[in-house]
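Below: one structure, written as structure tokens.
The values are calculated or read from the model by the stated rules, or taken from the named source; none is laboratory data. Since the model is a prediction, treat every value here as computed from it, not as a measurement. Note that we place each Cβ from the backbone using ideal geometry, even for glycine, and neighbour counts take in every protein chain shown.
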Ligand code: NZQ
Ligand code: ZN
């Protein structure tokens, strides 16, 4: 096992009715800004529950954060934070609202230039401080509720970039499985696939004799495979929603990745497909992962065989046949929840591969557990999905 440091200070309030208890986590002596997305929280009662829990606090709101949150919208919120002397941010929504709030929290205290510096690759600046924040999660998918990651898009340059800092980890996050009841099929399917691929990015690399992390990862994958379809079939199934929600959080709260190599190239390539075509994040992962597994079959051989055996019971055939079968089972699972896996399914033309290759060449991008997935390898992975 590799050396590691691990710290996760996020307090979780899990279960139905927990939104009512956020008052005890909030500061009484400062102004709170509640941030949300396009309005789903008004339809499913989450806004009303939050407003009730905030009675007696000094608070105001900022809505309209879009899916794949933009730098441009975040900077509007930063103006409000500064003008109103906000001291605490409360994100109410999915991963997009959470990620936006993390960026806003850091940007509001940044005085050395453009906060895009946190994301830009050329002159990347580490976040050194941020306003405190909390969250009420309404969509199990990203793990943003219990990590320090934020992914922001810049409309003017068609870029989608990530940063990570312990300073933007929420002080608390509410996970109420009843929020799942109002999710459309598309977002449930996205959540299942996003969480699944988060585990894969920390698991499908090469063995370092870390059997506990392996079995924890496999436990999350198997739970998503069992519980995800139950959520899709019956949105009112509280237990399935609870198991799905906790799986998605565990998939990316950092624990599965301690002491083991991590990949994240599927995400790196997927972000480009969202940047250029606006494809939902999880769907980009479903496109890229089968190509990644195929093109990187040699480097990932031992773990793909283990994954095939322990997740899909693939025990027979040559090494090549077992790897093919593991890829096929993965594709079938994504398609069974309604997510296609080929570029033409999303009307992505071959020229997009040229653009991504050129961009990665320009940036000198190197990804993957061996830091050897470059622009040319990215082309091969994407061409496999045409
Ligand atoms: O905006 P509203 O009206 O709230 O509607 C949202 C949005 O349209 C809706 N929704 C959310 N909760 C709902 C609901 N509709 C009905 N009932 C509810 N309970 O769902 C739509 C999608 O929401 P969004 O927040 O965009 O989805 P998700 O949670 O999948 O977040 C995706 C974003 O997270 C980033 C992605 O790149 C993408 O920008 N990621 C963040 C990560 C992190 N911070 O660690 C890791 C991930 O890999 C990912 O990159
Ligand atoms: Zn993801």
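Taking the criterion of being touching a residue at least 60 places away in the same chain (Cβ under 8 Å) and surrounded by fewer than 20 Cβ atoms within 10 Å (Cβ to Cβ), the residues of segment 319-338 that qualify are 336, 338. Considering 119, 109, the condition of being within 22 Å of the chain's Cα centre (by Cα) and either within 18 Å of residue 26 (Cα to Cα) or assigned by TED's automatic domain parsing to the domain that holds residue 148 (or both) is satisfied by 119 alone.
Among the candidates 141, 162, 189, the residue that is within 11 Å of ligand 1 (Cβ to nearest atom) and outside the structural domain of residue 123 (by TED's automatic domain parsing) is uniquely 189. Within segment 282-310, the set of residues being within 16 Å of ligand 1 (Cβ to nearest atom) and farther than 20 Å from residue 186 by Cα comprises just one member, 292.
Scanning segment 199-207 turns up one or more residues that are away from ligand 1 (no atom under 12 Å from the Cβ), in contact (Cβ under 8 Å) with a residue 60 or more places away in the chain and more than 24 Å from residue 270 (Cα to Cα). For segment 197-211, the count of residues that are part of a helix (DSSP H, G or I), outside the structural domain of residue 43 (by TED's automatic domain parsing) and more than 16 Å from ligand 2 (Cβ to nearest atom) is nonzero. When you scan segment 145-155, do you find a residue that is more than 16 Å from ligand 2 (Cβ to nearest atom) and either more than 28 Å from residue 238 (Cα to Cα) or surrounded by fewer than 24 Cβ atoms within 10 Å (Cβ to Cβ) (or both), even just one? Yes, the conditions are met somewhere in segment 145-155. For segment 38-49, the set of residues classified as closer than 16 Å to residue 180 by Cα and under 25 Å from the mean Cα position of the chain (by Cα) consists of 39, 40, 41, 42, 43, 44, 45, 46, 47, listed by residue number. Among the residues of segment 243-281, the one identified as away from ligand 1 (no atom under 13 Å from the Cβ) and in contact with a strand residue (DSSP E or B) (Cβ under 8 Å, 6 or more places away or on another chain) is 246. Determine whether segment 185-203 contains at least one residue that is farther than 23 Å from residue 138 by Cα, surrounded by fewer than 17 Cβ atoms within 10 Å (Cβ to Cβ) and in contact with a helix residue (DSSP H, G or I) (Cβ under 8 Å, 6 or more places away or on another chain). The answer is no, given that none of the residues of segment 185-203 is farther than 23 Å from residue 138 by Cα, surrounded by fewer than 17 Cβ atoms within 10 Å (Cβ to Cβ) and in contact with a helix residue (DSSP H, G or I) (Cβ under 8 Å, 6 or more places away or on another chain). Is at least one residue of segment 292-302 within 26 Å of the chain's Cα centre (by Cα), within 16 Å of ligand 2 (Cβ to nearest atom) and either assigned by TED's automatic domain parsing to the domain that holds residue 206 or within 23 Å of residue 211 (Cβ to Cβ) (or both)? There is at least one residue in segment 292-302 that is within 26 Å of the chain's Cα centre (by Cα), within 16 Å of ligand 2 (Cβ to nearest atom) and either assigned by TED's automatic domain parsing to the domain that holds residue 206 or within 23 Å of residue 211 (Cβ to Cβ) (or both). Look at segment 263-286: where a residue is over 18 Å from residue 359 (Cα atoms) and a partner is near ligand 1 (Cβ under 10 Å from one of its atoms) and in a loop (DSSP other than H, G, I, E, B), sitting 6+ places away or on another chain with Cβ atoms under 9 Å, you get 280/67; 280/68; 281/67; 281/68; 281/141; 281/142; 282/141. Scanning segment 78-124 for residues that are surrounded by fewer than 17 Cβ atoms within 10 Å (Cβ to Cβ) and under 15 Å from residue 164 (Cβ atoms) yields a total of 3.
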